[in-house]
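The values are calculated or read from the model by the stated rules, or taken from the named source; none is laboratory data. Source: prediction; values computed, not measured. Because the Cβ atoms are built from the backbone with ideal geometry, glycine has one as well, and the counts that use them run over all protein chains shown.
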Amino acid sequence: MSRPPRKKAARKSPAERAAEIVDAARAVALEQGLYAVTLRSIAARIDVAPALVAHYEPNMDALVASTFGTIVSAELAEVGELVGALPTPRERLALLLETLLDGTRDDVTVVWVEAWALGRRNEVLAATVRDEMDDWRAYVQGIVEAGVAAGEFETDDAASVAWQLLGMIDGLNAHALVRWEDATDRGSRIGHAVEGMLGLGRGALAAR
């Protein structure tokens with residue numbers, strides 16, 4: 001079956017076209033996952049020839065890496081703004097767990113999981129993943145250190161607590177992608193463990 005001829009792409013400035021490709025890559029990643037970010041998928045998204053995408057983005061490994069970085073850094077900024085509005089470290093940590101484990105960010109979880117896998121063979125992506133993980137750990141560590149300073153938390157190793165906390169969050173969210181166990185109960189499963197790590201009473205992170 002013959003395909004209808006592709007309409008000639010509308011003329012756009014280089015800056016406009018480059019931005020369009022970046023936006024399309026982000027949309028594809030959030031809707032279909034990082035594996036789906038290809039020349040063909042982006043071209044189809046903006047209705048241009050793959051060669052035009054390749055002209056602006058000749059290195060797909062770099063585009064995948066930058067797409068990942070754009071998505072997860074935006075999430076951290078969004079979460080930081082939401083959580084930072086609360087007055088105490090305990091409240092901020094409780095909301096952090098709630099918003100990262102309530103299932104509304106599973107599209108970003110897919111991007112993370114696929115980035116860890118793709119990063120084995122894409123060193124540009126792997127480096128970006130490490131940088132973003134460092135940023136997340138620094139952010140969580142800051143909340144823990146603020147809680148220690150305020151007398152709300154007890155730990156002499158805030159960095160390790162942040163590392164363990166992120167590992168638990170990532171693990172539970174990854175498990176939920178395949179609906180293992182009760183994916184709706186992620187927050188309470190991790191909350192009690194975190195309370196123990198920080199010397200908090202049972203249920204201290206359940207109510208803000």
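Annotations
- Whether a residue is β-branched (V, I, T), under 14 Å from V111 (Cβ atoms) and modelled with pLDDT of 95 or more was assessed, and I71 passes this test.
- Among the residues of the range 44-64, the ones that are out of contact with any Leu (no Cβ under 6 Å at 6 or more places or on another chain) and closer than 24 Å to V108 by Cβ come to 8 in all.
- Checking V161 against (1) without any contact (Cβ under 8 Å) to a residue 40 or more places away in the chain; (2) in a helix (DSSP H, G or I); (3) surrounded by fewer than 16 Cβ atoms within 10 Å (Cβ to Cβ), the condition it does not meet: (3)
- Residue check for G167: in contact with a Lys or Arg (Cβ under 8 Å, 6 or more places away or on another chain) and small (G, A, S): no
- Of the residues making up the range 113-123, one or more are surrounded by 14 or more Cβ atoms within 10 Å (Cβ to Cβ), free of Cβ contacts under 8 Å to residues at least 40 places away in the same chain and not in a helix (DSSP H, G or I).
- Of all the numbered requirements in (1) part of a loop (DSSP other than H, G, I, E, B); (2) surrounded by 16 or more Cβ atoms within 10 Å (Cβ to Cβ); (3) not β-branched (V, I, T), L97 misses one, and that requirement is (1).
- Of everything listed in (1) over 30 Å from V144 (Cβ atoms); (2) at pLDDT 95 or above; (3) of a type in the set (S, T, N, Q), the single unmet condition for T88 is (1).
- The residue pairs whose first member lies in the range 51-72 and is of a type in the set (S, T, N, Q), whose second member is part of a helix (DSSP H, G or I) and buried (at least 18 other Cβ atoms within 10 Å of the Cβ), and whose beta carbons are closer than 6 Å, counting only pairs six or more residues apart or on different chains, are T67/A25; T67/R26; T67/A29; T70/R26.
- When the test is whether a residue is in the same structural domain as A158 (by TED's automatic domain parsing), more than 20 Å from the chain's Cα centre (by Cα) and either farther than 21 Å from A138 by Cα or crowded, with 20+ Cβ neighbours inside 10 Å (or both), P89 passes it.
- Helices (runs of 4 or more DSSP H) contained in the range 34-85 and holding at least 3 residues within 14 Å of A115 (Cβ to Cβ): 60-84
- Residue match in the range 132-140 (condition: under 17 Å from P89 (Cβ atoms) and either outside any helix (DSSP H, G or I) or of a type in the set (S, T, Y) (or both)): yes
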